[in-house]
Every structure is written in structure tokens, then in C-alpha cells.
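Structure first, commentary second.
The values are calculated or read from the model by the stated rules, or taken from the named source; none is laboratory data. Keep in mind it's a predicted model, so treat the numbers as computed, not measured. All Cβ positions, even for glycine, are placed from backbone atoms using ideal geometry, and neighbour counts span all protein chains on display.
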Amino acid sequence: MTERMKVLHLSDLHLTDDGADMFGANPATRLQQAIQVIVREHADAAFCLLTGDLADRGGVAAYAWLQQQLQRLPMPCYLLPGNHDDRANLRAVFTQTPVDAHGYLQQRVSTPLGSFLLLDTLQYGVAHGEYGADRLEWLQRTLATLDADEPLWLVMHHPPLQVGIPSMDQYALRNAEPLACVLEPYRPRIRHLLVGHVHRAIGGSWRGWPFSCVRSPNHQVALDLHTRGTDVPGSHEAPGFGVILADGRDVVVHHQDFLVTGAPFWI
């Protein structure tokens, strides 16, 4: 069996160009605190995935600061854009981030656990996600090059399903059906889907494929299953990130809180 591997999942940093606070918290300080926890507790992770909304307004200064902070981590980091990001500015700083033939920031990360396929769902001018024919072309071509029994992991910003929070569901991936059709022949090989965007620790399944979503290091979306409209209710629940432990058989997703109050104790 494949040796157990640890993967970190951060999302929705919302860094500002000027380091300003947002909703009563400071995104830069919160990221630094998350990095402190990672260095102390999770330095053995194989790599870190950052699934979008890295900069709140897509500014170069925010990406430059992010790059500087990520250099503190002992593992490689792979980035995706979210609806708050700017592809050109992101890649101007993170110059090694691959770009497909249509300019989308998509890539395959090969690991002992299989291939992690990072899908770019950013559609400029809207908050919801898109994954149209031009992006599907990259996915189909990439899938065709993989070994016949290679496990697959999908990584994206926008969830391709409704999570039951109406204020956020309106901003989910709009055209999930074509994506599901492309993935269907690979059903037995898809192990997990990692998403961001919703600012909550959520788990479940989409079309039978398991998925998980993580909290933001800065601010959360409230667990409000009733409110509709353009305004999204926020929450000051604990910030966090995901810690995935996986081998050739099992996948476990932990949600690492930080800024935990009170001294630790034995139970």
C-alpha cells in the first residue's frame, strides 16, 4: 500500500494590497498565524494547495506579499485563482504557475497518490464559477495522457454543487453537468474533490465523489440555510485550513483551527 501522505489545503486568504483589515480581522496577520501552525505542526506535509481568492482585489502587491510568506514553508505550494483573483497579476508574481493553451491557470501535480488536477473556474466579471468547453479541452487532453489505473484528485475554487447555503449557492459553479460528463468515465479512479469559496468546513459527495471544503484563515460564511439575496451573512467562527491524510486506501480530512483559546489539557 502507498505510504500515508499529508497534504495541506488553504483557501480564501483575501489578502489586501495595503494590509488593511477585513471584517474585523487582518488577512495578512491571519495568514502569518496559519503559517506558524503549519511550520510547527505540519512541516512534514508533501505539498500545500491554495484554492483561490488569494488576493481580495487581485492586486500585484498582495501576490508579492503572499509569495514572500510562502517561502517560509518547507513544502511546495500550488495555486489556483478564485473569483476575487486576477490571473495576469497572479502569474506575474508566481511565474512558474502553468498556463494552458487558452490562458487558464490549470495544471497536473503528479504524486505517489496519483494526479491532482487543478481546475481554473474563474470567470471575470462574475462571482460564480464557470468551466466551459475551452477549459474542458485541457481536462480531456490531460485525462487521456494518464495511466489507465492512475488515481485522480480534483482541485478547484468553486464547488460544483449546492451546499445548502442559498447566499453562496448562487455563486457556485454554473455549468457542472458538462464537467461531470467528462469525468464520468473515470469515476472509479476519482478519490476526492477539494474546493474553496464557501468559507466553511464542509464534507459530503458530488455525484458520488467525496468532496471537502475548508474555512478561510480570515473570515467565515455563516451557516445560514435560509437567507437569500445578494448579501452573504458572515461569521467570526474560528479560522482554519485543511489537513488531508491519505494512502492507497483511505482519505481523512482534518480541519485545523488556529487562534484556539485556552491552555491545552489531557483528557
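Please go through region 197-207 and give me each residue that is without any contact (Cβ under 8 Å) to a residue 60 or more places away in the chain and either assigned to a strand (DSSP E or B) or crowded, with 17+ Cβ neighbours inside 10 Å (or both), ordered by number.
Pass one, region 197-207, residues without any contact (Cβ under 8 Å) to a residue 60 or more places away in the chain: 198, 200-207.
Correct list: 198, 200, 201, 202, 203, 204, 205, 206.
Which condition does residue 47 not pass, out of (1) of a type outside the set (S, T, N, Q); (2) under 15 Å from the mean Cα position of the chain (by Cα); (3) over 22 Å from residue 111 (Cα atoms); (4) surrounded by fewer than 17 Cβ atoms within 10 Å (Cβ to Cβ), if it passes all the others?
Checking residue 47 against (1) of a type outside the set (S, T, N, Q); (2) under 15 Å from the mean Cα position of the chain (by Cα); (3) over 22 Å from residue 111 (Cα atoms); (4) surrounded by fewer than 17 Cβ atoms within 10 Å (Cβ to Cβ), the one that fails is (3).
Can you tell which of 251, 214, 232 is buried (at least 21 other Cβ atoms within 10 Å of the Cβ), β-branched (Val, Ile, Thr), touching a residue at least 12 places away in the same chain (Cβ under 8 Å) and on the phi < 0 side of the Ramachandran plot?
On the way: 251 fails: buried (at least 21 other Cβ atoms within 10 Å of the Cβ); 232 fails: buried (at least 21 other Cβ atoms within 10 Å of the Cβ).
None of the other options fit; the residue is 214.
Determine whether residue 156 is closer than 22 Å to residue 57 by Cβ and in contact with a Phe, Trp or Tyr (Cβ under 9 Å, 6 or more places away or on another chain).
Numbers: closer than 22 Å to residue 57 by Cβ: yes; in contact with a Phe, Trp or Tyr (Cβ under 9 Å, 6 or more places away or on another chain): yes.
Criteria met by residue 156.
Inspect all residues belonging to region 228-247 and state whether any of them is among the hydrophobic types (A, V, I, L, M, F, W, C), more than 15 Å from residue 51 (Cβ to Cβ), in a strand (DSSP E or B) and at pLDDT 95 or above. So that I can check it myself, show each step before the final result.
Pass one, region 228-247, residues among the hydrophobic types (A, V, I, L, M, F, W, C): 232, 238, 241, 243-246.
Imposing the further condition that a residue be more than 15 Å from residue 51 (Cβ to Cβ) reduces the set to 232, 238, 245-246.
Restricting the remaining residues to those that are in a strand (DSSP E or B) gives 245-246.
Those still in the list that are at pLDDT 95 or above too: 245-246.
Yes: region 228-247 contains one or more residues that are among the hydrophobic types (A, V, I, L, M, F, W, C), more than 15 Å from residue 51 (Cβ to Cβ), in a strand (DSSP E or B) and at pLDDT 95 or above.
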